[in-house]
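The values are calculated or read from the model by the stated rules, or taken from the named source; none is laboratory data. Quantities reported herein were computed from a predicted structural model and do not represent experimental measurements. Note that each Cβ is placed from the backbone with ideal geometry, even for glycine, and that neighbours are counted across all protein chains shown.
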Amino acid sequence: MRYGSDHREEEQLVKIASKLEKQIRQPRCKVILLNSDKKIAQLFSNCRIVLSRADLAKAAEIEAKAFILAHEIAHDVLGHTQSEHFLKELNQELEADSFAYQLLGQAGYDQIIATGKIRKILLFEAKENNCNSCLIRAHELLKLVLTNS
Ligand SMILES: [Zn+2]
């Protein structure tokens, strides 16, 4: 049943998000899973995290899902705003990755596994969509692992 499994996946995401947030504050983020073929992972006001099934398809493992959620929670905690400016945007992405890395550790997720999965996804995006910021994020994530282990 398609809708049944959707619901279960959303429930799993809500649980992960709440586990992550409890490390830093009272949970307030809402996870909304979209049935969309477009890759969407975006934060809206009041910490509404909107993810599409297409975006989540690449993140089968729980650590990868936890990283994606931790990254969006980090944007909210750090008060990031949407920016059209490449460098500001990139800087916010790197800050969110770094915050997410620490948060995953605090919540008991394996940071090395999570980072490895996300780096694979970023490197794929870099190659597939010519995404320069993806390449930089993958590189910085590797540095995070190396300096923290
Ligand atoms: Zn981001």
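For the range 29-66, what are the residues that are farther than 25 Å from residue 78 by Cα and in a helix (DSSP H, G or I)?
53, 54
Would you confirm whether any residue within the range 44-54 is surrounded by 15 or more Cβ atoms within 10 Å (Cβ to Cβ), aliphatic (A, V, I, L, M) and under 24 Å from residue 144 (Cα atoms)?
So far as the range 44-54 goes, no, none of its residues is surrounded by 15 or more Cβ atoms within 10 Å (Cβ to Cβ), aliphatic (A, V, I, L, M) and under 24 Å from residue 144 (Cα atoms).
Would you be able to say whether some residue in the range 72-82 is of a type in the set (A, V, I, L, M), in contact (Cβ under 8 Å) with a residue 12 or more places away in the chain, away from the ligand (no atom under 14 Å from the Cβ) and surrounded by 13 or more Cβ atoms within 10 Å (Cβ to Cβ)?
No, the range 72-82 contains no residue that is of a type in the set (A, V, I, L, M), in contact (Cβ under 8 Å) with a residue 12 or more places away in the chain, away from the ligand (no atom under 14 Å from the Cβ) and surrounded by 13 or more Cβ atoms within 10 Å (Cβ to Cβ).
Please go through the range 126-149 and pick out each residue that is within 17 Å of residue 92 (Cβ to Cβ) and either among the aromatic types (Phe, Trp, Tyr) or part of a helix (DSSP H, G or I) (or both).
Passing the criteria: 132, 133, 134, 135, 136, 137, 138, 139, 140, 141, 144.
Filter the range 97-116 down to the residues that are more than 16 Å from the ligand (Cβ to nearest atom) and in a helix (DSSP H, G or I), then identify the one that is nearest to residue 20 (Cα to Cα).
Filtering first and then ranking leaves 106.
Quick one: would you say residue 69 is crowded, with 19+ Cβ neighbours inside 10 Å and within 15 Å of the ligand (Cβ to nearest atom)?
Yes.
I'm told residue 33 meets every condition in (1) more than 15 Å from the ligand (Cβ to nearest atom); (2) surrounded by 16 or more Cβ atoms within 10 Å (Cβ to Cβ); (3) under 23 Å from residue 145 (Cα atoms) except one. Can you identify the failing condition by its number?
It is condition (3) that residue 33 fails.
Looking at (1) within 13 Å of the ligand (Cβ to nearest atom); (2) touching a helix residue (DSSP H, G or I) at 6+ places or on another chain (Cβ under 9 Å), which is the one condition that is false for residue 88?
(2)
Go through (1) at pLDDT below 95; (2) closer than 21 Å to residue 107 by Cβ; (3) hydrophobic (A, V, I, L, M, F, W, C); (4) within 16 Å of the ligand (Cβ to nearest atom) and name the single condition residue 94 misses.
For residue 94, the failing item is (1).
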